[in-house]
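Chemist: Sharing a structure below in structure tokens format, with a few things to ask.
The values are calculated or read from the model by the stated rules, or taken from the named source; none is laboratory data. All values derive from a computational prediction rather than experimental measurement. All Cβ positions, glycine included, derive from the backbone under ideal geometry; neighbour counts span all protein chains shown. Surface accessibility is based on the protein's heavy atoms, side chains included, excluding ligands, DNA and RNA. Shrake-Rupley method; radii C 1.70, N 1.55, O 1.52, S 1.80 Å.
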Amino acid sequence: MDKSQLIDYCLSKQGGYLDFPFAGDDYAVIKIKNDKNGKYRIFAEIFLLSGRDCLTFSADEETAFGLRIQFADYITKGYHCPPVQAKYKSTAPIEFFDDDMLKSFVDLSYDYAKRKLKID
């Protein structure tokens, strides 16, 4: 799965929308919004880092830590995240993971964002 396909998968999630809050269009941020209260959460960030396309995704603290242990050579604390969020966010170069694993990271993050926003 390449960067474009990964973005498309994220956008296939109900309510998912694309944003580019940083300068340029090389740092894609995919969000979901609670229409009842207007709050939103980022559930995927896809960007180029040190020549590699990367995905930053969220999970509960225990799951995020477990993934960083399980894939210690590939998954790190979230890049470009404030320290308070770093324990929930992880960054992975997409080239090292197959399509199913990348989709599972996105699904995990999407479900986490929906829970936090209290979206059914």
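Chemist: Pull up the stretch 13-39, narrow it to residues that are of a type in the set (D, E) and modelled with pLDDT of 90 or more, then point me to the one that is surrounded by the fewest Cβ atoms within 10 Å (Cβ to Cβ).
Modeler: Of the stretch 13-39, the ones of a type in the set (D, E) are 19, 25-26, 35.
Now narrow it down to the ones that are modelled with pLDDT of 90 or more: 19, 35.
Working: D19: 13, D35: 10.
Filtering first and then ranking leaves D35.
Chemist: Still on this structure, please answer the following. What is the residue count in the stretch 11-61 for residues that are without any contact (Cβ under 8 Å) to a residue 12 or more places away in the chain and among the hydroxyl-bearing types (S, T, Y)?
Modeler: Selection size over the stretch 11-61: 2.
Chemist: Right, next: Spot the failing condition for D100; the list is (1) closer than 16 Å to Y9 by Cα; (2) without any contact (Cβ under 8 Å) to a residue 60 or more places away in the chain; (3) open to solvent by less than 10 Å² (accessible area, probe 1.4 Å), and only one is missed.
Modeler: (3)
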